[in-house]
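The structure appears below as structure tokens.
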Amino acid sequence: MIEKVSIKAIKANPNNPRVIRDDKFKKLVRSINEFPEMLELRPIVVNDDMIVLGGNMRLKACKEAGLNEVAIIKASNLSEAQQKEFIIKDNVGFGEWDWDILANEYDTDELNSWGLDLWKAPVEVDYSILDEDEDVEQLLEDLSSGVKKAIQIEFEAEHYEEAQQLVKFWRDKKLYIGGFIMEKLKAEKDKL
């Protein structure tokens with residue numbers, strides 16, 4: 001059942017894996033301002049704690065647009081696992097665009113203004129660095145210095161949630177987790 005609630009009552013989901021950046025976010029805000037009826041037709045989905053399961057970016061855009069109320073649907077009957085599954089499946093595009101219909105039945109500028117970036121000019125790539133006599137390997141190394149990199153660490157299924165919580169805990173404390181793990185691994189290696 002769709003209901004209207006104060007936007008202040010809804011909590012953004014801190015574990016939402018989907019983001020919307022700059023230009024697309026501005027387009028979403030503009031879309032909400034120009035076509036607010038869309039929100040009635042596609043309400044924000046929340047759990048019983050009023051945490052967003054579907055529509056995190058719409059909620060953010062609604063706040064930016066200055067709305068005081070939004071339409072919601074409560075997903076009261078979902079387990080914790082189903083809520084996590086919903087968050088992902090709500091953001092996954094299962095279908096594909098019919099490019100012929102888009103090209104012939106829609107205005108390209110309108111599609112772009114609605115947030116569907118279809119046709120972009122190719123990016124100009126400067127290959128002149130390859131013509132230089134300089135050491136390309138050294139240049140690449142210089143460019144990547146200071147950039148964080150990631151290593152995937154596997155956990156048994158029964159330890160995964162605890163590991164996830166520990167990582168979140170230490171990230172919130174601003175601990176450099178990679179350095180912490182390195183020190184522990186070195187200490188264990190030295191024992192061998």
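Per-residue packing, averaged as other Cβ atoms within 10 Å, sorts the ranges 169-178, 25-34, 4-13 into the order 25-34, 4-13, 169-178, beginning with the highest. Considering only DSSP beta bridges where both residues belong to the range 2-91, give the percentage that are antiparallel (nearest 5). The antiparallel fraction comes to roughly 65 percent. In terms of other Cβ atoms within 10 Å, M1, M182 run from fewest to most in the order M1, M182. Among S76, S144, S113, the largest mean-square fluctuation in a Gaussian network model of the chain, built with springs joining Cα atoms closer than 10 Å, belongs to S144.
Taking V45, V125, V167 as the candidate residues, the one with maximal mean-square fluctuation in a Gaussian network model of the chain, Cα springs under 10 Å, is V167. Once Cα extents along the principal axes in Å is calculated for the structure shown, the corresponding label among [x] 63, 50, 31; [y] 40, 40, 32; [z] 46, 37, 35 turns out to be [x]. The GNM of the chain, with springs linking C-alpha atoms under 10 angstrom apart, assigns the highest mean-square fluctuation among K149, K74, K168 to K168.
Tell me whether the range 1-40 comes out rounded, prolate or oblate; compute the Cα gyration tensor, take square roots of the eigenvalues as a ≥ b ≥ c, and use a/c under 1.5 as the rounded threshold. In terms of gyration-tensor shape, oblate. Entry note, the chain: the mean residue ellipticity at 222 nm calculated from DSSP H runs of n ≥ 4, each adding -39500 (n - 2.57), is -14000 deg cm²/dmol after division by the residues and rounding to the nearest 500. Within the same chain, aspartates and glutamates fewer than 8 places from K11 are excluded, and of the rest, those with a Cα less than 14 Å from its Cα are D48, D49, E69.
No lab work stands behind these numbers, since they all come straight from the coordinates. These figures come from a predicted structure and were not determined experimentally. Note that we place each Cβ from the backbone using ideal geometry, even for glycine, and neighbour counts take in every protein chain shown.
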